[in-house]
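Trainee: My questions will all concern the structure given below.
The values are calculated or read from the model by the stated rules, or taken from the named source; none is laboratory data. Just so it is clear, the model here is predicted, and its values are computed rather than measured. As a convention, Cβ positions derive from the backbone with ideal geometry for all residues, glycine included, and neighbour counts pool all protein chains shown.
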Ligand SMILES: O=c1ccn([C@@H]2O[C@H](COP(=O)(O)OP(=O)(O)O[C@H]3O[C@H](CO)[C@@H](O)[C@H](O)[C@H]3O)[C@@H](O)[C@H]2O)c(=O)[nH]1
């Protein structure tokens, strides 16, 4: 049948399918904020436990602007029990033991049917584009079933996903590749030598090979890619990546700038362990750029001995500090005893140290003018939190993409120092991790926080990056323009699938059957 008409002029409706993990849900909320602020409709797919965490951010987003497009959190029940997961285990940070990671991904993939039904029922407006996390490759089938265009969202840096793709295509990673031999990564715009595990071999265990294969297949079949980065930071990698993939790449970051100003006391999707106002008050009493902030994201586990070495190293370095220790880490009797009571770590450092047990208002702390450095695990969102705050970093990668991110920060951007972790730390046996001594921690903190030519150079470079990050998201900036392209993507895809006069008017649309 042949018919004619105009390309639908209604604003596009994006459906976001994030991986159920803080490092992916938070940027998905940021994408939602950006798209709705520009008039698009957004549905973010999540589950009850995650929806409860995101609700304050979602409420604020809905309330934020009268001219914004409609937003909603859609909750699908998460099938934890059928996959051997404890009830309520709906986020990667709730997984009680490493062998259950694979079960978690399988349970998430079982959302395919319910998501397809949900999307079929969504009207006014109906979905026009799926943006599915790289770790939700099962969503490719949903888009195919419904005939929707699909973009892949990558949580990590562009350098990471480019390196992974290139190394994989050259047979340097994957089954049969030498595990420990370092090699130069072909096809990346920087000379980077890495081991297979650092490239990264995401979960680094054979059981995940199937998942990694489906991630690559879903990427190969996608209509394009969305990245949380910006041209000044990674334009060279993004160009190489787009060319290698042969698909449009949209660099719309840093996403954390989309909501930073509005989060205030709401925080960014965690169960806040501390009052943001109290943090800000504490920071305000410190000198400009004097405080070092230490946090390792949402998924790392730092063993008790290492927590203690970090704390004592910070105390010895002399700078005021904010040290975030996860609830699971504080649960260790060794850590609890060292921290608390008369003569305990907190008591000894009550003037110059703040310990946060649990989820911190990280974006608010890092952007405070009293903060001058960031000890980070190099999770990509944390790297960008640091970049947008103009902070030099002490890089302490643990696993996954964090080693490539460290290379970007230390070797390419030159805004950070390397604490010296030799290779990915094991998921399976966290106690086998390489211990960094208190003296090494102290040296690293002093090298970033104390004066000196190199420290000053790093600070200046970091300040320049922050300025460029701001410019990228302002009207006319590179990320703003890429967001424009993203907003037009569903209708252009629609045009490309038919005969179009190039001015947005659809001349003929052939409908099968
Ligand atoms: O107390 C905290 C801890 C974290 N955050 C926020 O939580 C996010 C954490 O994300 P990220 O820094 O990327 O770390 P992970 O949670 O470890 O993220 C996972 O996902 C990232 C994106 O794919 C990867 O880069 C990481 O390696 C992977 O561990 C950031 O937005 C932080 O601002 C807080 O607000 N408060």
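Trainee: Could we say that residue 69 is over 16 Å from the mean Cα position of the chain (by Cα), crowded, with 18+ Cβ neighbours inside 10 Å and either part of a loop (DSSP other than H, G, I, E, B) or modelled with pLDDT under 85 (or both) here?
Mentor: Numbers: over 16 Å from the mean Cα position of the chain (by Cα): yes; crowded, with 18+ Cβ neighbours inside 10 Å: yes; either part of a loop (DSSP other than H, G, I, E, B) or modelled with pLDDT under 85 (or both): yes.
Judged against the criteria, residue 69 is a match.
Trainee: Is it the case that region 290-298 has a residue that's surrounded by fewer than 19 Cβ atoms within 10 Å (Cβ to Cβ), closer than 19 Å to residue 386 by Cβ and away from the ligand (no atom under 16 Å from the Cβ)? If you could, list the steps in order and put the result at the bottom.
Mentor: First, pick out the residues of region 290-298 that are surrounded by fewer than 19 Cβ atoms within 10 Å (Cβ to Cβ): 290.
Still in the list and also closer than 19 Å to residue 386 by Cβ: 290.
Cutting the leftovers down to away from the ligand (no atom under 16 Å from the Cβ) gives us 290.
Yes, some residue in region 290-298 is surrounded by fewer than 19 Cβ atoms within 10 Å (Cβ to Cβ), closer than 19 Å to residue 386 by Cβ and away from the ligand (no atom under 16 Å from the Cβ).
Trainee: Right, another one. Name the residues in region 347-384 that are closer than 18 Å to residue 441 by Cβ and more than 14 Å from the ligand (Cβ to nearest atom), would you?
Mentor: 348, 349, 352, 353, 372, 373
Trainee: Okay, next question. Give 163, 157 a once-over and let me know the one that is modelled with pLDDT under 95, closer than 22 Å to residue 253 by Cα and touching a helix residue (DSSP H, G or I) at 6+ places or on another chain (Cβ under 7 Å). Reasoning before the result, please.
Mentor: Working: 157 fails: modelled with pLDDT under 95.
Criteria check complete, one pass: 163.
Trainee: A follow-up question, please. Do we have any residue at all in region 102-117 that's outside any helix (DSSP H, G or I), under 28 Å from residue 299 (Cα atoms), within 15 Å of the ligand (Cβ to nearest atom) and not assigned by TED's automatic domain parsing to the domain that holds residue 299? Walk me through it before giving the result.
Mentor: Step one: filter region 102-117 for residues outside any helix (DSSP H, G or I), giving 110-111.
Filter once more, keeping what is under 28 Å from residue 299 (Cα atoms): 110-111.
From what is left, the residues that are within 15 Å of the ligand (Cβ to nearest atom) are none.
No - not one qualifying residue is present in region 102-117.
Trainee: Continuing with this model, one more query. Give me the pairs, please: first residue somewhere in region 383-412 and under 20 Å from residue 194 (Cβ atoms) and not assigned by TED's automatic domain parsing to the domain that holds residue 369, second residue anywhere and assigned to a strand (DSSP E or B) and more than 9 Å from the ligand (Cβ to nearest atom), beta-carbon distance under 9 Å, and either six or more positions apart or on two chains.
Mentor: Qualifying pairs under 9 Å: none.
Trainee: Continuing with the same structure: Go through region 13-39 residue by residue and tally those that are closer than 21 Å to residue 142 by Cα and outside any helix (DSSP H, G or I).
Mentor: 9
Trainee: For region 51-90, enumerate the residues that are within 19 Å of residue 138 (Cα to Cα) and in contact with a strand residue (DSSP E or B) (Cβ under 8 Å, 6 or more places away or on another chain). Steps first, please.
Mentor: Here is the first cut: in region 51-90, the residues within 19 Å of residue 138 (Cα to Cα) are 74-80, 82-83, 90.
Result: 74, 75, 76.
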